[in-house]
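K.L.:
Before I ask anything, here is the structure I am working with.
Each value in this text was obtained by applying a stated rule to the coordinates, not by laboratory testing. Not measured: the values here are computed from a predicted model. Using ideal geometry, Cβ is built from the backbone for each residue, glycine included, and neighbour counts are taken over all protein chains shown.
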Amino acid sequence: MGSANKVEILQYLVDTRDLWPAATQTKDLEHEASRALALLPDDERAGVLRYYFVADAKMALASHLLKHWAVSRCAGVPWRETRLSRDANRKPVYVQDGRQPAAFNVSHQAGIVALVAAPNPQQSPVELGVDVVCTTERRARDHRIVRQDGWARFVDMHAEVFGRREAESLREQGGDDGDDAALDYKLRCFYTLWCLREAYIKMTGEALLAAWLPDLEFRGFRPPAPADGFMQEQDDGEHTIKTHDIWFKGGKVDDANVCLRALGTDYMTCTAVRTPRRKEDALAWDLGPFEFLDMEEILSFAEASSSSSAVV
């Protein structure tokens, strides 16, 4: 990892849906997930336990653990020293001696938590963004709204977070709104664009309230085909899409490495990476498939790291 073009990009998923099964309410995690909660600072632990729904609390817990895991691995520091702060955009960061030696980003939806992380060399800092979406988590609600108000109205409800041409492109998606298959495809297009934009925007360090959102456009975007298995490793241009026509304020974006992947039939992930000082570094990286990380691996690493220096 001595040079920027040899930086290892970590891409991991944690599936929280079957974790701590005896916890039926958030308060139950204090007992059922006590080992995991004990690894978090007091403020993060309290934040997890404030969630109303236990499913959301589980994702928040896994998300916090993954951030500390990434910092400990990428910065080579013991878990107990991975205290996080927030930058000017309220984005979680790890600062050591005035610099950020580890770059990381997380996302979660419908029980799945995604992490992308990397060492952050001073000579060519790494900017990362990740998003995971589930196209069917709100399927019943989405279908109901579209059939009540129409597809164009559904798109308009969210138009402020899309580029001008993107919203128009979504509105032009054909097919009968009364046909489940046709509507499911429209929604897959909608969530594909959401996933692409969210990862890119998070890479910049900003959020969905950024003033420049209408000036960002993914032209000619298309959804990845649903994959037979939850982990689809084929970089075939069908289930995995790595070439994107991205424009910002009328100019073509040529410094972002963006990879969109199908995860089974209902999920997809997007990773966005750039190295602003030397764009060729990030563009040369092959963003391979995500790997699942077992919770026991995280907890064992954290406990071992708390008593010795982490090994990168």
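K.L.:
Gain in length, Glu160 to Asp176, computed as 0.36 nm per residue apart minus the alpha-carbon separation, to one decimal in nm?
P.N.:
Going from the current span to full extension adds 3.3 nm.
K.L.:
Quick one: of the DSSP bridges fully inside the chain, what percent are antiparallel, nearest 5? List each step's numbers first, then the result.
P.N.:
Numbers: 40 of 42 bridges.
Here the share of antiparallel DSSP bridges comes out near 95 percent.
K.L.:
Can I ask one more? Rounded to the nearest 20 debye, what is the charge dipole size of segment 132-274 about its Cα centre when +1 sits on each Lys and Arg Cβ and -1 on each Asp and Glu Cβ?
P.N.:
Computed charge dipole of segment 132-274: roughly 360 debye.
K.L.:
Report ³J(HN,Hα) in whole Hz for each residue of segment 16-25, in order, from the Karplus equation J = 6.51 cos²θ - 1.76 cosθ + 1.60 where θ = phi - 60°; Gly and Pro get x.
P.N.:
8, 4, 10, 6, 6, x, 6, 7, 9, 9
K.L.:
Taking only Cα atoms, what is the 0 to 90° angle, nearest 10, from helix 139-149's long axis to the longest principal axis of the chain?
P.N.:
30
K.L.:
Looking at the calculated P(r) for segment 132-274, what percent of the C-alpha pair distances fall above 22 Å? Mind dumping the intermediate values first?
P.N.:
Numbers: 3832 of 10153 pairs.
When every Cα pair of segment 132-274 is considered, 38 percent fall beyond 22 Å.
K.L.:
If you consider only alpha-carbon coordinates, what radius of gyration and Dmax does segment 242-305 have, in Å?
P.N.:
16.3, 51
K.L.:
Compute the Rg/Rh shape ratio of the chain: radius of gyration over Kirkwood radius, all on alpha-carbon atoms. Each step should come with its number before you reach the end.
P.N.:
Values: Rg = 19.8 Å, Rh = 20.4 Å.
When Rh is taken as the Kirkwood radius, the ratio is 0.97.
K.L.:
Further question on the same structure: Count charges around Gly111 for me, please; just the other residues with Cβ under 12 Å from its Cβ, Lys/Arg as +1, Asp/Glu as -1.
P.N.:
Numbers: positive: Arg17, Lys58; negative: Asp15, Asp18, Asp56, Glu137, Asp266.
That sum, taken over residues with Cβ under 12 Å, equals -3.
K.L.:
Something else about it: How tilted is helix 180-204 with respect to the longest principal axis of the chain? Cα atoms for both, answer in degrees (0 to 90, nearest 10).
P.N.:
50
K.L.:
If you average 1/r over every pair of different alpha-carbon atoms in segment 37-157 and take one over that average, what Kirkwood value in Å do you get?
P.N.:
It is 16.5 Å.
K.L.:
Taking 0.36 nm per intervening residue step and subtracting the Cα-Cα distance, what contour gain separates Asp18 from Lys242 on full extension?
P.N.:
77.5 nm
K.L.:
A further question on this structure: Output ³J(HN,Hα) for segment 123-131: one whole-Hz value per residue in order, computed from phi by the Karplus curve 6.51 cos²θ - 1.76 cosθ + 1.60 with θ = phi - 60°, and x for Gly and Pro.
P.N.:
Result, ordered by residue: 6, 7, x, 9, 10, 10, x, 9, 9 Hz.
K.L.:
Under a 5 Å amide H to amide H cut-off, with H placed in plane at 1.01 Å, what residues pair with Val77 once short-range neighbours are removed?
P.N.:
Ala310
K.L.:
Run the numbers on segment 132-274 and let me know its relative contact order in percent, using alpha-carbon pairs under 8 Å that are six or more apart.
P.N.:
Relative contact order comes out at 26 percent.
K.L.:
Would you mind working out the magnitude of the charge dipole of the chain relative to its Cα centre, with +1 at each Lys and Arg C-beta and -1 at each Asp and Glu C-beta, to the nearest 20 Debye?
P.N.:
The dipole magnitude comes to about 920 debye.
K.L.:
Beyond 19 Å between alpha-carbons counts as too far, so tell me which of Lys27/Lys58; Lys91/Lys242; Lys91/Lys249; Lys67/Lys279; Lys67/Lys202 fall in that bin.
P.N.:
Values: Lys27/Lys58 11 Å; Lys91/Lys242 26 Å; Lys91/Lys249 24 Å; Lys67/Lys279 25 Å; Lys67/Lys202 15 Å.
The pairs that break the limit, which is 19 Å between Cα atoms, are Lys91/Lys242; Lys91/Lys249; Lys67/Lys279.
K.L.:
Each label point is 7 Å from the Cα along the Cα-to-Cβ direction; what then is the distance between the points at Arg80 and Arg277, in nm?
P.N.:
Distance between label points: 3.3 nm.
K.L.:
Moving on to the next point. If you fit an axis through the alpha-carbon atoms of helix 54-75 and take the longest principal axis of the Cα set of the chain, what angle between them do you get, 0 to 90°, nearest 10?
P.N.:
Once rounded, one gets 60 degrees.
K.L.:
Sticking with this one: Tell me, what is the FRET efficiency for Ala284 and Arg222 to the nearest 0.05, using R0 = 25 angstrom and their Cβ-Cβ distance as r? If you can, show how the numbers build up before the last one.
P.N.:
Working: r = 25 Å, r/R0 = 0.98.
Efficiency at R0 = 25 Å is approximately 0.50.
K.L.:
So, one more: Enumerate the calculated ³J(HN,Hα) couplings along segment 83-98 in order (Karplus 6.51 cos²θ - 1.76 cosθ + 1.60, θ = phi - 60°), each rounded to whole Hz, writing x wherever the residue is Gly or Pro.
P.N.:
5, 9, 10, 10, 8, 5, 9, 6, 7, x, 9, 10, 10, 9, 6, x
K.L.:
With unit charges on the beta carbons (Lys and Arg positive, Asp and Glu negative) and the dipole taken about the Cα centre of the chain, which residue among Ser124, Phe218, Gly288 sits farthest to the positive side?
P.N.:
Ser124
K.L.:
Around Asn257, with a cut-off of 11 angstrom between Cβ atoms, what is the net charge of the other residues, counting Lys and Arg +1 and Asp and Glu -1?
P.N.:
-3
K.L.:
For the chain, what is the mean residue ellipticity at 222 nm derived from helices alone (per DSSP H run of n ≥ 4: -39500 (n - 2.57); sum divided by total residues; nearest 500 deg cm²/dmol)?
P.N.:
-10000 deg cm²/dmol
K.L.:
Let me ask you something else. What nm distance separates the two modelled labels at Gln96 and Ala140, each placed 7 Å from Cα along Cα→Cβ?
P.N.:
Simple spin-label model gives 4.8 nm for this pair.
K.L.:
Between Glu297 and Thr265, what is the label-to-label distance in nm when each label sits 7 Å out along the Cα-to-Cβ direction?
P.N.:
Result: 2.7 nm between the two label points.
K.L.:
Next question. P(r) tail for segment 97-207, what percent of Cα pairs lie past 19 Å?
P.N.:
Above the 19 Å cut-off, segment 97-207 has 54 percent of its Cα pairs.
K.L.:
Whole angstrom only: what separates the Cα centroid of segment 249-265 from the Cα centroid of segment 88-122?
P.N.:
Answer, in whole Å: 19.
K.L.:
Moving to a separate point now. Hey, could you pull the Cα Rg and Dmax for segment 200-286, both in Å?
P.N.:
In order Rg, Dmax, the Cα atoms of segment 200-286 give 13.9, 39 Å.
K.L.:
What does the charge count near Ala36 come to, summing +1 for each Lys or Arg and -1 for each Asp or Glu among other residues with Cβ under 14 Å from its Cβ?
P.N.:
Charge balance near Ala36 sits at -4.
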